[in-house]
Amino acid sequence: MRTLILITTRFPYLPGEEFMEAEVPYLASKFDRMVIVPTLVSGKPRGLPPRVEVETGLASMLSISRASKLFLLTHHLSLFGNAMLGGAGRPLAMYKAMRNAARIAICEKWFSTYLMHRVENSEKVLFFCWWTALPILGARLASRGWQNVVGIVSRAQRSDLYIEEGGDPNWPFHERVLRSLDRVFVASEHGVRYLTSRYPWMTTKAEVGRLGAADVGVKEPSKTSTPFVVCSCAYLNPVKRVDLLIRGLGHVGTKFPRVMIQWHHFGDGPLRAELENIALACLPGNVVATFHGRVDNAQVRSFYRNTFVNLFINTSSSEGVPVSIMEAQSAGIPVIATAVCGTPELVNASNGFLLTANPDVAEVAAAIGAAITEPSCWLTKREVSRKTWLTLSDATKNYGGFAHRLGQFFDVLK
């Protein structure tokens, strides 16, 4: 029996990790048994394919008191020593190091118990962590001596890859986590280059494992006059720089006062109230903003199917490879985005417009203005945008192929 143990942050529980919804059915169909192990359990669970199990025991153990975590940690001298060295002389660093070490110790204990009592001798097990995260090291420590564990693999995308941009969530165990992996599937070619330049010994372990989006379908333009519709989809935090988009739309609305512009933003976050105020202050009367807040992926896809969207815009300062862009391209929507991380692998002058990594308001406004003044050119970009999705981001091809790739670990570890 071939068993896949999928480690997540909180999937299948809402909210978050929406992009996993498209991948899980392909994984479930490939293996005899699939077990999802979230590290945090709260919120409403999503529906899952038949025969997919969810184990919440690890999340329960990770929620135990600090004293209990410290007790577990002091019985693991290697992790305890790493934490002491990593945080020496710095109280806050020491706290983070000890906390992460305790999480690893708990993961090791839980996975050891699970392998001993919940896995049959006839089963072959592959651990797959959807992020390059601390449970990987716990799984590696737990699987020592277990010949039925065929491998430990992970994905790597943004916060777990470009660690200098937002701090290392695995510190001071990042390198030990990487060395615990048999393979890491990075979301972009840029990401593979980044990882292997920092850790040359990862060259034999890292390969591209692209994410994907389901087919939304293409909405044909109306024959009657309609507003110019702009969409964005992002968590409202400083990294996403949505204020830059708002100010750019303000400039465009002022320059083209007779063009009715509708801007729809999908996503919530800590900056929402501030950004709503910026929109009120910056947008002229011909630019109407709608903040839809947190919605599920099905609602976004439904919007694309039922609305002719002229542009999708992403102004982030950092990304992995945005699934939000993939979804827009599946609908044939041209994309304006910043040239950061893996985004240039999806966006270019043929299917949209690639901004510089740190554009100013004028650059954003100029790109939007070009779509208004050159409609025939941007209709051509719609066709290329759709082709880009078919080539690089089709969920059926990417996730089906990825599930097959994971299946190879049960034959010969590669």
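The values are calculated or read from the model by the stated rules, or taken from the named source; none is laboratory data. Note that the coordinates shown come from a computational prediction; the quantities given were computed from them, not determined experimentally. Please note: Cβ atoms are built from the backbone with ideal geometry, for glycine as well, and neighbour counts cover all protein chains shown.
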Within region 131-183, residues being charged (D, E, K, R), at pLDDT below 95 and part of a loop (DSSP other than H, G, I, E, B) number 4
Output for Cβ contacts, cut-off 7 Å, separation at least six or different chains, first residue in the same structural domain as C233 (by TED's automatic domain parsing) in region 290-303, second in a loop (DSSP other than H, G, I, E, B), reads G293/D268; R294/P15; R294/D268; N297/E21; R301/V216
Checked region 268-278 for anything closer than 15 Å to L244 by Cβ and over 27 Å from the mean Cα position of the chain (by Cα); matches are I278
Boolean, A28 is modelled with pLDDT of 90 or more and in a loop (DSSP other than H, G, I, E, B): no
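Say we look at region 279-289 and pick out the residues that are in a helix (DSSP H, G or I) and either among the aliphatic types (A, V, I, L, M) or out of contact with any helix residue (DSSP H, G or I) (no Cβ under 6 Å at 6 or more places or on another chain) (or both); which of these is nearest to D268 (Cα to Cα)? Break it down stepwise before answering.
If we filter region 279-289 for residues that are in a helix (DSSP H, G or I), which is where we start, we get 279-282.
So of that shortlist, the ones also either among the aliphatic types (A, V, I, L, M) or out of contact with any helix residue (DSSP H, G or I) (no Cβ under 6 Å at 6 or more places or on another chain) (or both) come out as 279-281.
Numbers: A279: 15, L280: 17, A281: 20 Å.
By that ranking, first place goes to A279.
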Selection from region 290-324 of residues part of a helix (DSSP H, G or I) and touching an Asp or Glu at 6+ places or on another chain (Cβ under 6 Å) yields N297
- Task: Check whether at least one residue in region 260-270 is assigned by TED's automatic domain parsing to the domain that holds L311, in contact with a Ser or Thr (Cβ under 6 Å, 6 or more places away or on another chain) and not in a strand (DSSP E or B), and report yes or no.
- Result: no
Among residues of region 334-354 being more than 17 Å from V364 (Cβ to Cβ) and buried (at least 20 other Cβ atoms within 10 Å of the Cβ), the residue farthest from the chain's Cα centre (by Cα) is N351
Given (1) closer than 30 Å to T396 by Cβ; (2) among the charged types (D, E, K, R); (3) not in a loop (DSSP other than H, G, I, E, B), R210 misses just (3)
Selection from region 190-218 of residues charged (D, E, K, R) and in contact with a helix residue (DSSP H, G or I) (Cβ under 6 Å, 6 or more places away or on another chain) yields R210, D215
Per the list (1) of a type outside the set (V, I, T); (2) touching a residue at least 24 places away in the same chain (Cβ under 8 Å); (3) within 24 Å of G352 (Cα to Cα); (4) surrounded by fewer than 19 Cβ atoms within 10 Å (Cβ to Cβ), residue check on R241 breaks on (4)
When G217 is run through (1) modelled with pLDDT of 95 or more; (2) surrounded by fewer than 16 Cβ atoms within 10 Å (Cβ to Cβ); (3) within 30 Å of V24 (Cβ to Cβ), the failure sits at (1)
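Sort out which residues of region 230-259 are closer than 24 Å to E319 by Cα and not in a helix (DSSP H, G or I), and write them in order of number.
Of everything in region 230-259, those that are closer than 24 Å to E319 by Cα and not in a helix (DSSP H, G or I) turn out to be V230, C231, S232, C233, A234, Y235, L236, N237, R241.
Please determine, by comparing only the residues of region 25-55 that are among the hydroxyl-bearing types (S, T, Y) and farther than 20 Å from L406 by Cβ, which one is surrounded by the most Cβ atoms within 10 Å (Cβ to Cβ). Lay out the reasoning, then the answer.
Here is the first cut: in region 25-55, the ones among the hydroxyl-bearing types (S, T, Y) are 26, 29, 39, 42.
Then drop every residue that is not farther than 20 Å from L406 by Cβ, which leaves 39, 42.
On the way: T39: 22, S42: 11.
Selected residue: T39.
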_Being surrounded by fewer than 16 Cβ atoms within 10 Å (Cβ to Cβ) and farther than 19 Å from V184 by Cα is the requirement here; does S385 meet it?_
no
Part of a helix (DSSP H, G or I) and surrounded by 22 or more Cβ atoms within 10 Å (Cβ to Cβ): is that true of A101 in this structure? yes
